[in-house]
Structure formats: structure tokens, C-alpha cells
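K.L.:
Pasting a structure below so you can have a look.
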């Protein structure tokens, strides 16, 4: 599982890259990567599906695809988890396309505090939670993904860029614009 801060040192990233290269040569070395990231990827998926069994199935698909496509993985100086999150995100989006249902977003109090701080929201936090659930429905899928990765997963912009396929500066700019959009929506709801 990624560290709580989701920030890996350069040394940790280099060690992980060496492990990935071993796994590319021999898939039996994939197990430590699986063990390190399984719980984090499962929780990421579960927060979007709110179904434990389905989340477990999709998590399995993520790791199966990662193992099958490991030869295509290229090192970009970010933790391996960024690639796994991208696969997981794609699998969740595909699931919702297949079942034609709306996406689920789970918000806990700590995450709500993070986004309230970013939005400069000073009113009652319970009111914000009610408003936030409604306001997130106004966001497009790619906008919602940026908000989730930054505020709910608390990932650094470098990792967000890798997951979304954006440049780091573009991820920052888009996230800033989305938080401004959310702020306006929340203020209109008052």
C-alpha cells in the first residue's frame, strides 16, 4: 500500500523500478508489487463503486491487466501505483459505461476538510457535505477524477499527471479551475 502521504522518495522509486524490471523478466517477481499496492487500489475502486464484491473483482482485473501488460510499462520517475491507478480508473469508467449507472463518490470527514480548506468554505461542515454531494454531480467525469485524486486520494500532481495522461502543470491548472467551479456552484446553492 502506498505511504500515507503518497509521496515516495527518489530512492524508493528507483528500488521499485529495479523490482519492476525483475518482474518484467520473470512474472514471479510481480507478487511484491501486488502485495504493496493491492489494498490501496482496492480502496480506490471501492470508494467509486461502494460494492465490496464488485470492487474485489475489478481489483483483480486491474492486477491481471498490469501483469499482462507489464512489458509495456515504462519508467517515468513516479511510483508504479500511478500506472495501477490509471488502469483502475479506466476499469471503473468502463464498468459504469457497461451498466449505464451513475458513479459513486464516497467522502469522509478528513477529505471534506481538505476540500473545504481549498474552497475557502467556512460555513458548517455538515452543510458542506450535503452541498458537496450535490455539487459533484455537476462535474464531468474527467473533472471529478481530478478532484478525487487530489483531495480524496491526496496524490501529488506529478502522480495525478501520470494517472490522467496530463502534464503536471496542466493537472494543476485544471484542478484549480475545477475547484473554482465547485466554489461557485456551492455559493450559488446558498
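Values quoted throughout were computed directly from the atomic coordinates according to the rules given, and no laboratory measurement underlies them. As the structure is a computational prediction, the values presented were derived from the model and not from experiment.
K.L.:
Compute the length gained on full extension between residue 96 and residue 120: take 0.36 nm times their separation in residues and subtract their Cα-Cα distance, giving the result in nm to one decimal.
P.N.:
Result: 5.4 nm gained on full extension.
K.L.:
Here's another thing I want to ask about it. So how much slack lies between residue 22 and residue 134, counting 0.36 nm per residue of separation and subtracting their Cα-Cα distance, in nm?
P.N.:
Computed gain between residue 22 and residue 134 is 35.7 nm.
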